[in-house]
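So the structure is just underneath, and the comments pick up after that.
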Amino acid sequence: MAIGLTIVAFGTSAPELIVNIIASINGYSDIVIGNIVGSNNFNLFIILGLSGLIFPIVVQASTAWKEIPMSLIVSVFLLLLLNDFVFVGQTYVSRIDGLLMLILFSIFLIYIFNQMKNDPHLDDEFKSKSTLKVWLLIIVGLVGLILGGQLVVANSISIASKLGLSEKIIGLTIVAAGTSLPELITSIVAAFKKNSDIAIGNVIGSNIFNILLILAISSLINPIKYNSDFNLDIYVLIGGSVFLFLAMLTGQQKKLDRWEAGVLLVFYIFYTIYLIINGA
């Protein structure tokens, strides 16, 4: 679970980070916010939904009572921050907001590392690679992410203009789905292997990373103008987080059953249709 919440979550959130850095530099605020909120909704509804259909997700007690509520609290914090309840009078995500999110992210990391210290099962179960090979793979991966991120942002804006769609709907759908593909593959593979901790830890960890780290870095690069039309999408994120928490308490406790996973999937399909019909 600790690995899922940190190493896997950070790795699979790298595309969101690169895309948001590029979008922030170019002043595409709706892409920045849309990618964060859209990716989190995609993670919660599509990825957990598909994973839960493949194999019901059974979680540890700490996940049900600590990590899932943390994700919910962070989502509520995002709503309050973006709507000026934290620093009154702002109409944008400022650098001060970014620093506040980084402080909260540091607290989250300290919590996870304390969890890892108390885990007796963390051992060297992976084959080691040479230091040179590791660095070469990191460099190749970063170059690929940067090039891919530029392609995603540039072509998403092009699609939006040609189809008459807003940056908001492009960020919530095409960009969000594209940058969430690593989470999708990771969680589906984990579900097939019946590794529930990685499947749900990846999603919960990525959602927290996206808000507290990636949005923070984006705002430090360039203050982000906030479009209040995103409030509905954040309500959806909060509602989905509440549903996931309640799913841990109902039926067979600490388990996401197939029917509950199906509810997540069906809701997201109707939500996406609503976005497209209304032009977001």
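Scoring G27 on the criteria (1) part of a helix (DSSP H, G or I); (2) open to solvent by 20 Å² or more (accessible area, probe 1.4 Å) leaves a single failure, condition (1). The requirement of being within 24 Å of I157 (Cα to Cα), among the hydrophobic types (A, V, I, L, M, F, W, C) and at pLDDT below 90 is not satisfied by L220.
Check the stretch 200-214 and report whether any residue there is under 19 Å from I174 (Cβ atoms), of a type in the set (A, V, I, L, M) and within 14 Å of the chain's Cα centre (by Cα). Yes, some residue in the stretch 200-214 is under 19 Å from I174 (Cβ atoms), of a type in the set (A, V, I, L, M) and within 14 Å of the chain's Cα centre (by Cα). Counted as qualifying within the stretch 162-280 are the helices (runs of 4 or more DSSP H) with 3 or more residues that are out of contact with any Asp or Glu (no Cβ under 8 Å at 6 or more places or on another chain) and either of a type in the set (K, R) or farther than 25 Å from A23 by Cα (or both), namely 181-192, 196-209, 231-247, 258-277. Figure legend. Inter-residue proximity from the stretch 164-188: first residues under 19 Å from I276 (Cβ atoms) and among the basic types (K, R), second residues in a helix (DSSP H, G or I) and open to solvent by 10 Å² or more (accessible area, probe 1.4 Å), beta-carbon distance below 9 Å, spacing 6+ or different chains. Indicated pairs: K168/D30; K168/D229. Every listed requirement among (1) of a type in the set (V, I, T); (2) open to solvent by 20 Å² or more (accessible area, probe 1.4 Å); (3) closer than 19 Å to S62 by Cβ is met by I174 save one, (3).
In this entry, S219 passes the filter for residues that are touching a Lys or Arg at 6+ places or on another chain (Cβ under 8 Å), surrounded by 17 or more Cβ atoms within 10 Å (Cβ to Cβ) and in contact (Cβ under 8 Å) with a residue 60 or more places away in the chain.
The values are calculated or read from the model by the stated rules, or taken from the named source; none is laboratory data. Given the structure is predicted, the values throughout are model-derived calculations rather than measurements. Neighbour counts run over all protein chains shown; Cβ positions are idealised from the backbone, glycine included. Calculation scope for accessible area: heavy atoms of the full protein, side chains included, ligands and nucleic acids excluded. Shrake-Rupley method; radii C 1.70, N 1.55, O 1.52, S 1.80 Å.
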